[in-house]
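S.K.: Supplied in structure tokens, the structure appears directly below.
The values are calculated or read from the model by the stated rules, or taken from the named source; none is laboratory data. Note that this is a predicted model, so its numbers are computed, not measured. Here Cβ is always computed from backbone atoms with ideal geometry, including for glycine, and neighbour counts include all displayed protein chains. The protein model used for the area step is the full one, side chains on, heavy atoms only, and it has no ligands, DNA or RNA in it. Shrake-Rupley method; radii C 1.70, N 1.55, O 1.52, S 1.80 Å.
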Amino acid sequence: MATSVLASRKLRWQVPAGVLGVLILGAGAVWWFGPWSKAWRYQRMDLVTLRRKADADPKDFEAWREIGLRLARHGDKLAALPLTQAFALRPSDPYVATALGEVLLASDRIPEAFQVLKAAVAHNPNFPLARMALGRLYQRRSSYLHASEQFEALVAVDRNFPEAWFQLAVCYLQMQQSAKAKAAIEEALRQRPEDPSFLALKGSVDVAVGEVQNGIAATQRAAELAPRNLRIQVNFANMLLAHHRNPEDLQRAAAAIARVEQLDPQYPLLPYMRGELERLRGNWAAAARHLEQAVRATPNQNEVYFALSRTYRRLNRVREADRLLEIYRRRQDLERRIDEIRIALGGRPDDASLYVKLSELQLQLNDRYGAEDSLKTALQIRPGDSALQRRLRQLQGPASAQEAQ
């Protein structure tokens, strides 16, 4: 009797297979069409469909977010609009805020990028990508102290972030803190030992602290790992030219220069590198020909004036040698003053007057583009300043850099 009662209870709770299938399908439909699956569904939609959904419901955060992030991943500047919409709906979303800040930065909308990235870090202080983006923005403004603070905060939370250690090393090197730069780049390489960019920076840091042999070895390894990276090949050639120890180093420099020429036959620094190589080999006439071409090709490169001055002196062209040496010394003094202003900007990134001074010094170096960029930054800090606007118009006019003074 007890058995039959138990059996009847079991039968009472049995559900026919067809009914069970309907229930499962119903639950799936509820999930599919409900808010829980929206992000998953939107990730699988094409952009046209997503845009229609966003236009139909301007408050659909997930739609704007998906459109913006997808466009941003492909470097599309059109990402700014959907990301702005998503950010307005939910400013605390770390991915949206960071992506929007990076898109604005890429479009030179520096003040807006700064506000968005500051908000991203404030809402999500432990989100590494926001810290990285804000740090890069500070670097863009030559505010290396503030940039380093962002990277330091990042690695304090997540030490296993080699790119942050690399950027820290860059900041420390710019601030002439060589020992800290060495520790940072060594940590980056501990985590990613065969990264060519990391090795190239290690080479520069090693030379800065007096470890020339280690610096050349690290730079050579970077060049071996990245034979088609123009910047790294140029860096290796210039390091060997500046710190050669023997004729074999000059042979390696010649090979590196040949690789640079293969990668970019019109590379502007090629005449200087060829001329410096011939000078170091004692081929004075050939050196003079290349270095004279270099003065015309890269008139803002200080080293070419010094190298050509020494070459002329060897050729007994003393008056010309003295004139070039004077140009070199004047440019060196201007660059020293520029470095002092950049260091000051590290602690006072919102001081427009410093950018004005920087602009004037850059103009004296005939760096008109840099002078304009510095004035634009000053105007972003003081957007209504009529004197700055007038000065910028002068620089952007047809007058030469010297006339603009």
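S.K.: How many residues, within segment 304-354, are within 23 Å of the chain's Cα centre (by Cα) and β-branched (Val, Ile, Thr)?
M.R.: Number satisfying all stated conditions: 3.
S.K.: Checking the structure you have, find out if any residue of segment 185-201 is touching a residue at least 40 places away in the same chain (Cβ under 8 Å), within 27 Å of Asp373 (Cα to Cα) and assigned to a helix (DSSP H, G or I).
M.R.: Scanning segment 185-201, I find no residue that is touching a residue at least 40 places away in the same chain (Cβ under 8 Å), within 27 Å of Asp373 (Cα to Cα) and assigned to a helix (DSSP H, G or I), so the answer is no.
S.K.: Also, quick follow-up: Starting from residues that are among the hydrophobic types (A, V, I, L, M, F, W, C) and touching a residue at least 60 places away in the same chain (Cβ under 8 Å), keep the ones in segment 329-346 and report whichever is least open to solvent (accessible area, probe 1.4 Å).
M.R.: Leu345
S.K.: Also, quick follow-up: Within segment 321-334, is there a residue that is in contact with a Lys or Arg (Cβ under 8 Å, 6 or more places away or on another chain) and either on the phi < 0 side of the Ramachandran plot or among the charged types (D, E, K, R) (or both)?
M.R.: yes
S.K.: Would you pick out the residues in segment 347-368 that are under 30 Å from Tyr305 (Cα atoms) and either polar (S, T, N, Q) or open to solvent by less than 30 Å² (accessible area, probe 1.4 Å) (or both)?
M.R.: Scanning segment 347-368 gives Leu354, Tyr355, Leu358, Ser359, Leu361, Gln362, Leu363, Gln364, Leu365, Asn366.
S.K.: Can we say Asn214 is under 30 Å from Ala164 (Cβ atoms), without any contact (Cβ under 8 Å) to a residue 24 or more places away in the chain and assigned to a helix (DSSP H, G or I)?
M.R.: Spelling it out, Asn214 is indeed under 30 Å from Ala164 (Cβ atoms), without any contact (Cβ under 8 Å) to a residue 24 or more places away in the chain and assigned to a helix (DSSP H, G or I).
S.K.: Check Ser374 against each of (1) open to solvent by 40 Å² or more (accessible area, probe 1.4 Å); (2) modelled with pLDDT of 85 or more and name the one condition it does not meet.
M.R.: (1)
S.K.: Let me ask something else about it. Could you check how many residues of segment 313-328 are within 20 Å of Asp367 (Cα to Cα) and either at pLDDT below 95 or surrounded by 14 or more Cβ atoms within 10 Å (Cβ to Cβ) (or both)?
M.R.: Total meeting the criteria: 4.
S.K.: Conditions first: (1) touching a helix residue (DSSP H, G or I) at 6+ places or on another chain (Cβ under 6 Å); (2) at pLDDT 95 or above; (3) crowded, with 20+ Cβ neighbours inside 10 Å. Pro196 passes all but one, so which condition is the exception?
M.R.: Only one criterion is unmet by Pro196, namely (3).
S.K.: Report the residue count in segment 157-182 for those that are outside any helix (DSSP H, G or I) and not hydrophobic (A, V, I, L, M, F, W, C).
M.R.: Number satisfying all stated conditions: 5.
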